[in-house]
Amino acid sequence: MSFSFEIAATVGSARAGVFSTPHGPVETPVFMPVGTLATVKALDPADLIQMGASMILGNAYHLHLRPGDELVREMGGLHSFMRWNRPILTDSGGFQVFSLAQLRTVNEDGVEFQSHIDGSRRFFTPESVMGIERNLGADVIMQFDHVIPGQSDETSARDASERSIRWLARCLAEVARLEASQPLEGTPREEMPPDNPRNHQALFPIVQGGIHTHLRREAAESIRSMHDWPGFGIGGLSVGEEKDAMYEMIEVVDEALPKTHPRYLMGVGFPEDLVEGVRRGIDLFDCVAPTRMGRNGTVFTRDGRLNIKRTEYRNDPRPLDSDCDCSACTRFTRAYIRHLFVSDEILGLRLLSLHNVHFLLALARGARQSILNGDFDSWARDWLSRYRSSAPLAV
């Protein structure tokens with residue numbers, strides 16, 4: 001099989017596993033750096049490998065608009081295009097269509113919207129999005145879903161969740177058709193048949209339902225009954241709802257999904273959310289926060305967040321985080337990096353992006369090791385207590 005998931009150890013709902021893909025194994029729990037436009041902003045793929053990144057994320061919406069998914073296919077697929085030979089997951093663009101696009105119109109066929117780049121009219125359907133993700137050639141592809149705000153009422157949440165399930169059936173059928181007719185870039189023509197593992201992508205469904213417990217359960221049950229999926233996405237969280245509500249929904253889905261498959265909590269990856277997610281059975285995380293916040297001067301540390309632009313760090317000789325072994329912390333002082341920021345030097349943005357991504361990768365590895373050691377509960381309690389002891393500083 002192209003994809004498999006083996007669990008090595010558990011502590012409560014927390015799991016340490018290995019997700020096997022055509023481009024190599026992924027040890028879980030894992031944080032996936034976000035390479036929205038085929039690049040993790042400010043970082044070279046070599047940086048990511050040095051930090052121990054095993055899987056990254058790209059976005060179908062953005063890559064379809066620029067440079068175009070057909071061009072990416074012509075260039076050998078996303079792995080070849082960006083020179084990353086490890087696993088890749090592509091988001092379907094559902095979130096971006098609903099958050100970035102203007103004048104969008106949703107109906108049962110799909111979504112019509114205007115590009116946020118040039119205003120051109122576009123129409124996404126489950127079938128067209130599967131074609132885009134086929135052209136990009138990622139290992140794991142996400143279904144096209146209907147995304148709504150986190151605090152949506154029950155009627156809106158049900159409508160979006162049930163439409164997402166109907167669209168999922170269309171995604172599944174289209175993936176089967178594409179695998180039979182269009183080989184992944186790089187697959188020899190004689191190895192085209194759909195039963196060839198090299199020609200497969202793992203389609204993950206997305207469990208929606210807002211902050212409504214019964215809708216989440218219903219969605220999980222409906223999705224499970226449709227197909228033997230290689231893994232599951234959990235969507236529609238961290239989009240405006242309270243954190244306690246998000247954690248509650250993760251617990252609901254943890255109980256409703258099979259324990260034997262990987263779970264991907266979409267778009268969630270702040271340090272405390274990663275630890276709380278692992279505690280509730282999540283295996284895969286992604287978030288733009290480490291690079292976005294790094295470019296704005298915010299630093300993740302084990303003692304909470306700090307804003308490197310503050311005057312108090314002007315002559316601070318310490319590293320960003322004394323417990324971190326990234327190349328920024330082992331070489332440079334807070335004073336120097338602050339100087340880079342106030343001087344508008346690009347290196348400052350790069351160093352904080354590098355540190356924040358490294359921080360989350362290391363955090364996921366630490367969670368995994370504590371599960372293997374059997375002491376995850378005490379590790380998580382101590383880690384969160386230290387991290388939360390200092391209130392995050394305003395950015």
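The values are calculated or read from the model by the stated rules, or taken from the named source; none is laboratory data. A quick note: this is a predicted structure, and the numbers were derived from the prediction, not measured. When we count neighbours, we look across all protein chains shown, and the Cβ atoms used for this are built from the backbone with ideal geometry, even at glycine. Protein only, heavy atoms only, side chains kept; ligands, DNA and RNA dropped before computing areas. Shrake-Rupley method; radii C 1.70, N 1.55, O 1.52, S 1.80 Å.
Based on C-alpha pairs under 8 angstrom that are at least 6 apart in sequence, segment 1-50 has a relative contact order of 22 percent. Here are a few candidate values for Cα extents along the principal axes in Å: (1) 60, 48, 43; (2) 61, 43, 43; (3) 102, 57, 34. Which one was actually calculated from the structure I just gave you? Checking each listed value against the structure points to (2).
If DNA, RNA and ligands are ignored and the probe is 1.4 Å, what is the ranking of D228, D283 by accessible area, most exposed first?
D228, D283
A simple spin-label model places pseudo-atoms 7 Å from Cα toward Cβ; at M226 and T333 they are separated by 5.7 nm. Net charge of the neighbourhood of G297, taken over other residues with C-beta under 10 Å away and scored Lys/Arg +1, Asp/Glu -1, is +4. For the set M75, M142, M293, solvent exposure ranked by accessible area (probe 1.4 Å, protein chains only) runs largest to smallest as M75, M293, M142.
So for H214, H355, H64, what's the accessible-area order with a 1.4 Å probe, most first?
Reading off the accessible areas and sorting them downward yields H214, H64, H355.
Database remark: amide H of D145 closer than 5 angstrom to the amide H of G94 (H placed geometrically; neighbours at sequence offset of 5 or more, or on other chains; Pro and chain starts carry no H).
Short-range pairs are left out: with C-alpha atoms under 8 Å and at least six residues apart, the relative contact order of segment 18-114 is 25 percent.
Compute the normalised compactness of segment 1-147: alpha-carbon radius of gyration over 2.2 N^0.38 Å, N being the residue count. Display every interim value, and only then the final one.
Values: Rg = 16.5 Å, N = 147, 2.2 N^0.38 = 14.7 Å.
Compared with the compact-globule rule of thumb, segment 1-147 sits at 1.12.
Ignoring aspartates and glutamates fewer than eight residues from K41 along the same chain, the ones with Cα atoms less than 18 angstrom from its Cα are D91, D286, D344, E345.
Between the amide H of V26 and those of F19, S20, T21, distances stay under 5 Å, these residues lying 5 or more places away or on another chain, with hydrogens modeled in the peptide plane.
Contact order for the chain, expressed relative to its length and based on alpha carbon pairs under 8 Å spaced 6+ residues apart, stands at 18 percent. Positive end of the charge dipole of the chain (Lys, Arg +1 and Asp, Glu -1 on Cβ, about the Cα centre): tell me which of I308, P67, H212 has its Cα farthest that way. The residue sitting most towards the positive pole is I308. Axis of helix 243-256 versus longest Cα principal axis of the chain: the two differ by about 50°, to the nearest ten degrees. At most 14 other Cβ atoms within 10 Å plus a DSSP loop assignment makes a site exposed; report the longest stretch of the chain without any exposed trypsin sites (Lys or Arg not before Pro). With a cap of 14 other Cβ atoms within 10 Å, the longest stretch comes to 84-258.
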